[in-house]
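S.K.: Take this structure, written in structure tokens, and hold onto it; I'll ask about it next.
Here, each number is a calculation from the coordinates, and none is a lab measurement. Please read all numbers here as calculations on a predicted model, not as lab measurements. Ideal geometry is used to build each Cβ from the backbone, glycine not excepted, and the neighbour counts take in all protein chains shown.
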Amino acid sequence: MLPFTTLTKVGPGDKTKAYVVRQNVCLKILLFSLIGVCVLLMVLASTMYDVHIERRMKARETGVHRREEHHLRLQVGRLGMRLQQQMRDEVRDMSILREYRARMYRAVGEYQNAVRSTVDEATAQNATLRTQLTKLELELDEQLEMAMRQLWSDVNAEGKRAGEKLHNLTAEIIQDLKLDQRERDQFEAQYGEGSDYHEDAEEGYREGYDFGDDDDDDEPASHREHGGEGEADGEDYEESRMRYALDKLLARLQAMPNITLTEAELADWDSSYTAALDSMGDESKEADLALMQDKLVAKLKDKGVQVASGATSSDDEYLPSIFDQFETALEAAKVTPHKPALLTQFAEWQHGSLPTAELVQHVEELYDQNVLESGLFDDWDE
């Protein structure tokens, strides 16, 4: 028998050399290996493409989700600020009631004195009638006092509760805005400029869901006409409302006079204003009210603040006009140290380098510190 290495088979017939067989086997192995590698490359490419598509979709969905969260947080914040407005109104009611309580007591006292002198003259010869009229006067005075005391007690209690809730609500709004800022930073860190999926995430954020159909009957006509212009480039509808309110606040800050006070002077102004309000709430201090008002006027004139002409301590319109002017000046004095930094933040916000939510957070912090007195939406319906 011939060696196996020289022929592929034995016996009669054509013989194929072994090296040809080996060559064919090697070619087949090489071909199958090449096919296997191609298949693996195709599977790998398909997998990578699927992963790329999945990541793009995830980036887009993350953008949409971020838009929803941002929209909802701003909406909750706006509703919270509207609730702040109502609470501030309840707190202000205490001051308003103090003023009208003092004016009513003064008017009733003057009326009783005038009636008493007239009755004394008319009943000089009739002691019985004088006794009866005096009794009726005391009963009327007691009824008025009871009604006013009950009204004062109710409004004062509501005002104090509103003040406590106002502080807690402001703290919650600030925390929510800080959380929104952290989420925005995380979103920017993951899908910011330089990221492979930045455009997909931004496209998802710009498109998101359509929030522009929200209807708000309380929205001013001027805002409905101009406030939605930013939505064409993907601006959130709630953010456009915030921008409208911030624009109004900026106009108010720019019109606010600069009143520079030292910390001691500011504390003196604040304590004098509080003492004057307390005096109006206490009938026993009504005699000092005119002097207290004159002191407030002197403080305003000392800092060059113009006081409304024609207002005197004997004028019935003196109380609300002077107290309104002093309250406005006191707010301006509190804002003045913070005004440069606040206006700088507004400028950055207008140029797009400061997010709306972050600016609202700074404004809310000033409200919580009693630097600003009125909220973003206090004049929304004007």
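S.K.: I want to check the label-to-label distance for Leu129 and Leu40. Put each point 7 Å from Cα in the C-beta direction and report it in nm to one decimal.
M.R.: The modelled label-to-label distance comes out at 12.4 nm.
S.K.: For Gln369 and Gln86, compute 0.36 nm times the residue count separating them, minus their Cα-Cα distance, and round to one decimal in nm.
M.R.: Extra length available between Gln369 and Gln86 comes to 100.0 nm.
S.K.: Go through Lys58/Lys248; Lys135/Lys295; Lys303/Lys339; Lys165/Lys301; Lys295/Lys334; Lys165/Lys295 and tell me which ones have a Cα-Cα distance over 28 Å in this structure.
M.R.: From Lys58/Lys248; Lys135/Lys295; Lys303/Lys339; Lys165/Lys301; Lys295/Lys334; Lys165/Lys295, over 28 Å: Lys58/Lys248; Lys135/Lys295; Lys165/Lys301; Lys165/Lys295.
S.K.: Which order do peptides 159-165, 77-83 fall in by mean Cβ count within 10 Å, highest first?
M.R.: My ranking of the peptides, most packed first, is 77-83, 159-165.
S.K.: Could you rank the peptides 296-305, 333-342, 146-155 by their average count of other C-beta atoms within 10 Å per residue, with the highest value first? Spell out each step's value before the answer.
M.R.: Working: 296-305: 15.0, 333-342: 16.8, 146-155: 12.3.
The most tightly packed comes first, giving 333-342, 296-305, 146-155.
S.K.: For a Förster distance of 22 Å, can you work out the FRET efficiency between the beta-carbons of Ala255 and His351, rounded to the nearest 0.05? Can you show the working numbers first?
M.R.: Values: r = 22 Å, r/R0 = 0.99.
Efficiency for this residue pair is about 0.50.
S.K.: Sticking with this structure for a sec: Which length gain, in nm to one decimal place, applies between Leu343 and Asn156 when the Cα-Cα distance is subtracted from 0.36 nm times their residue separation? Please report the intermediate quantities before stating the final value.
M.R.: Details: separation 187, 0.36 × 187 = 67.32 nm, distance 3.59 nm.
Additional length available on full extension: 63.7 nm.
S.K.: Give the calculated FRET efficiency between Gln306 and Arg106 to the nearest 0.05, with a Förster radius of 25 Å applied to their Cβ-Cβ distance.
M.R.: 0.40
S.K.: Follow-up. In nm, to one decimal, how far is the Glu69 label point from the Thr47 one, both placed 7 Å along Cα→Cβ?
M.R.: 3.1 nm
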